[in-house]
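Since the structure comes first, as structure tokens, the remarks are kept for the end.
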Amino acid sequence: MLKSLVAAGAALALLTAPTLGADSASASEKVVATFAAVNGSGCPAGTVAVVAYPDNTGIILSYSSFYVQRGGDSAAAQGYQNCNLDIRMSVPAGFTFAVSRAVYHGYAFVLPGATAKLVAKYNFQGQAPTVSSHLINTVSPFDDNWTIIEEFPFANLQWAPCGADIILTDAFELRVQPYGPSSSPTDVSFVTANKSDHSIRTELNFVWAECHG
């Protein structure tokens, strides 16, 4: 399984407001995550789901229809899919959160010379997006489930606005690029759902802080 660990966490930096609270995720009030908007070729209606962890430490996004392929006689448009999600977050009163870690899972079959890539963006409404790009196959050929782990330095975390309706926007793209033309319709590279749980999955982990007026 391919694992790529990027952007290792930095030392804790001083926060003026909000103030970090290590036990805030254990508040009795639970996080509720629902979709405010879903758009994109990779997530037709009814094919993406969001679930909050019961301990308030994050959410899981599951995509059941993401599929990209290139090579053989596939069209260029088949090599790209995206999904843009606006997620309404209901959080415990008096607390805010930031996305501190993202974990991406899927399956890829990549022929020699071809490449598969994911691009992820997230932001809270009104903030500039955090953008990351990852090569899924560091070697080719590649035929396996894959996991990519991304940790965000504490000093660079984006915090949800305190005392406001929180919309977390998550944008996810998958691309496959072949290694030049092929005359065989069977020479196809593709990225699709993980073989073990039959979905492409994103896990977003949170850190929590107390809000102060």
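Here, each number is a calculation from the coordinates, and none is a lab measurement. Being a predicted model, the structure only gives us computed values, none of them experimental. Quick reminder, even Gly has a Cβ in these numbers, built from the backbone with ideal geometry, and neighbours come from all protein chains shown.
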So, with +1 on the Cβ of K and R and -1 on the Cβ of D and E, and no other charges, what is the size of the charge dipole of region 73-169 about its Cα centre, to the nearest 20 debye? 220
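Check each of the trypsin sites (Lys or Arg not before Pro) in region 121-206 and keep only those in coil by DSSP with at most 14 other C-beta atoms within 10 angstrom; list them in order.
On the way: sites: Lys121, Arg175, Lys195, Arg201; in loops: Lys195.
Qualifying residues, ordered by number: Lys195.
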Report the FRET efficiency, 1/(1 + (r/R0)^6), for Ala76 and Asp55, where r is their Cβ-Cβ distance and R0 is 41 Å, rounded to 0.05. 0.40
For Lys195, list the aspartates and glutamates whose Cα falls under 15 Å from its own Cα; do not include residues on the same chain fewer than 8 positions away. Asp143, Asp144
